[in-house]
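Undergrad: The structure that follows is given in the form of structure tokens.
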Amino acid sequence: MMLDIQNVRKRFGDREVLKGISLTVDKGDVVAILGPSGSGKTTFLRCLNFLEKADGGALVFDGAHFDLHTASKADIARVRKKTAFVFQNFNLFLNKTVLQNVTLGLEKGRGMKKNDARAAALRALEHVGMADRLESYPSQLSGGQQQRVAIARALASDPEIIYFDEPTSALDPELIGEVLSVMRQLAKEGMTMLVVTHEMDFARNVSNKVLFMADGTAVETGPSRDFFENPKADRSRDFIRSILAARE
Amino acid sequence: MAFHSLGRERGDSMVNEHWQMLTESFPQLLEYGIKVTIPLSILSFALGLAVAVTVALIQYANVRFLRRLCRFYIWITRGTPLLVQLFIVFYGLPDIGIKLSNYLSAFLVLGFNEGAYMAETMRGALESVPRGQMEAGYCAGMNYVQIMGHVVLPQAFRTAFPALGNSMIAMVKDTSMAASITMAEMFRQAQIISGQRGDVLLLYCEAAVIYLLFCTALTWLQRLGEKLLAKRGGVRA
Ligand SMILES: Nc1ncnc2c1ncn2[C@@H]1O[C@H](COP(=O)(O)OP(=O)(O)OP(=O)(O)O)[C@@H](O)[C@H]1O
Ligand SMILES: [Mg+2]
């Protein structure tokens, strides 16, 4: 076990958005986080990386214990060093070129030497097929290209786990494929990933675990195959049925 | 006929006299423009910008007490005339033992005055940078100061660039106010020469033309800068 997520709770005002979510992640796992809109998927991921301060819960990361509510700045930095985040709307640094987008965090955040950062960035950008656009600015790229650069930025820091929050939801349909194929490639290479997604093919065929959330609770957690072929909870069944129906 | 030509001669000599006055005073005024107006504008602008960025950052970071202080400064500065501020600092402060030269007074007052306007510009520009930029920076392992310096502030400056350019232009024109605190700058020089030689209208128009030259050059630089920024991905999608 690499990462144990325990009982994450979060409320906004008097609205309880996460009512105690737990998840165990092994090295090489690809966990698809599914659930209807508003069920708390984004908030869950954001809490794991301290972008949102949880009201309670803990991480056991490589044996080290981190409280999600009371973690110190140093602990937060430690956790963030092991992780990377890919956002729905990319969030590339708009004033930086493709290459700088990847190297900036390596140099400033991780204290890497310029040449090492450049080498790592080039490797990562090659990986996502963006090594030919090093000097472009985000505004000059398509959404799919921007997201691939964002994935390269995540990869380059050599994280133990990458969190994806609906990485293809902001993309035009014809651009989704290029991003999914990069993610499929990463999964094949054994990268550990937590992926909030509405892409059922990805959840079914690429992920090995599913966390199905509804109303801030973990309704069902288990192997992807079981979830799709033999869902235990009624809500899971309804969800799968509604997704299949929406496809017809 | 004879009378007529006499009149024309007299008229010609008068035109010549004005012309001579112009050609003599223009280099003098221009010299003051270059030696005083431009450096004073640049220095005051630099001070204003430093003040503005500090004040905007404090408000952005939302430090309670300091934030109040900043709002107070902006309120006072924007709510009182520049001329009055100049008089208070140069003529008023000596009453409580603070004697500043007219140069220093002009520098400080112009800087802090325009600084209040530019602080509002910068605050708006900072707030227009998407929150996700900060979050992406944190996830990439950077800290607040690093993200500010490398990501958020540069973007804010791009957004603010046209408005800051306008502030610089306003600054150039506002330096003429320093004439009122006996500072030997371009406009005061025009006043002095016109006192000695008359030709008030011409001299003041001449000063106006030089201000216009400076401001036109600045507008031109501003456009150039915007084009360069746009080339470097400055346009936000
Ligand atoms: N910053 C916030 N302040 C207040 N309420 C919030 C905030 N962020 C999220 N919420 C609320 O928390 C609930 C869960 O939001 P969240 O974004 O985590 O859902 P989600 O499962 O990611 O939904 P979607 O599939 O639409 O992205 C929603 O009801 C949302 O309105
Ligand atoms: Mg979401």
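Undergrad: Could you work out the mean count of beta carbons from other protein chains within 10 Å of each residue's beta carbon in A:106-113?
TA: The mean count of partner-chain Cβ atoms within 10 Å per residue comes to 4.
Undergrad: Against the empirical 2.2 N^0.38 Å scaling, what ratio does the C-alpha Rg of the stretch B:27-233 come to?
TA: In units of the 2.2 N^0.38 Å rule of thumb, it is 1.18.
Undergrad: Within the P(r) computed for the protein assembly as shown, what percentage of the Cα pairs occupies the region above 36 Å?
TA: Of all Cα-Cα pairs in the protein assembly as shown, 49 percent lie more than 36 Å apart.
Undergrad: Something else now. What do the square roots of 5 times the Cα gyration tensor eigenvalues come to for the stretch B:1-141, in whole Å, largest first, as semi-axes of the equivalent ellipsoid?
TA: 50, 22, 13
Undergrad: For the stretch B:27-233, how many pairs of lysine residues have a Cα-Cα distance under 26 Å, where the two are 8 or more positions apart or belong to different chains?
TA: Lysine pair count for the stretch B:27-233: 4.
Undergrad: For the stretch A:131-248, just list the percent of Cα-Cα distances falling in each 10 Å bin from zero outward, please.
TA: 12, 40, 32, 13, 3, 0
Undergrad: Helix B:200-229 versus the longest principal axis of chain B: what is the Cα-based angle in degrees, 0 to 90, to the nearest 10?
TA: On a 0 to 90 degree scale, this one is about 30.
Undergrad: Along Cα→Cβ, 7 Å out, is where each label goes; now give me the distance between the ones at A:Arg78 and B:Glu31 in nm to one decimal.
TA: 7.0 nm
Undergrad: For the pair B and A, how large is the buried accessible area, both sides, in square angstrom to the nearest 100, if the probe is 1.4 Å?
TA: Working: alone 13940 and 11690 Å², together 23730 Å².
Using a 1.4 Å probe, the pair buries roughly 1900 Å².
Undergrad: Then there's this: Report the residue, chosen from B:Leu108, B:Leu100, B:Leu203, that carries the largest GNM mean-square fluctuation when chain B is represented by alpha-carbon nodes joined by springs under 10 Å.
TA: Top of the fluctuation ranking is B:Leu100.
Undergrad: Next question. Roughly how many debye, to the nearest 20, is the charge dipole of the stretch B:1-144 about its Cα centre, given +1 on each Lys and Arg Cβ, -1 on each Asp and Glu Cβ, and no other charges?
TA: Once rounded to the nearest 20, the dipole reads 740 debye.
Undergrad: Given a cut-off of 18 Å, name the pairs among A:Lys27/A:Lys108; A:Lys114/A:Lys188; A:Lys27/A:Lys188 whose C-alpha atoms lie farther apart than that in the structure shown.
TA: A:Lys27/A:Lys108; A:Lys114/A:Lys188
Undergrad: For the protein assembly as shown, what does -39500 (n - 2.57) per DSSP helix run (n ≥ 4), summed and divided by total residues, give at 222 nm, in deg cm²/dmol to the nearest 500?
TA: That comes out to -18500 deg cm²/dmol.
Undergrad: To continue, here is another question. How many partner chain Cβ atoms sit within 10 Å of a residue's Cβ in peptide B:125-138, on average, as a whole number? Please report the intermediate quantities before stating the final value.
TA: Working: counts 0, 0, 0, 0, 2, 3, 2, 8, 5, 2, 7, 13, 6, 9.
Mean partner shielding for this stretch: 4.
Undergrad: Check cross-link reach from A:Lys82 to the aspartates and glutamates: straight Cα distance under 13 Å, and skip same-chain residues fewer than eight apart.
TA: A:Asp62, A:Asp158, A:Glu160
Undergrad: Skip the ligands, DNA and RNA, and give the accessible area per residue of chain B with a 1.4 Å probe, whole Å².
TA: Values: 12980 Å² over 237 residues.
I get 55 Å² per residue for chain B.
Undergrad: Here is a follow-up. Is there a simple number for the mean count of other chain Cβ atoms within 10 Å of the Cβ of residues in A:73-85, and what is it?
TA: 2
Undergrad: Still on this structure: Does chain A come out rounded, prolate or oblate, given a ≥ b ≥ c as the square roots of the eigenvalues of its C-alpha gyration tensor, rounded meaning a/c under 1.5 and, failing that, prolate meaning a/b above b/c?
TA: Taking the square roots of the gyration eigenvalues as a ≥ b ≥ c, chain A is oblate.
The values are calculated or read from the model by the stated rules, or taken from the named source; none is laboratory data. Computed from a predicted model, the values in this text were never measured in an experiment. Reconstructed Cβ throughout: ideal geometry from the backbone, glycine too, with neighbour counts over all protein chains shown. Accessible surface areas use protein heavy atoms only, side chains included; no ligands, DNA or RNA. Shrake-Rupley method; radii C 1.70, N 1.55, O 1.52, S 1.80 Å.
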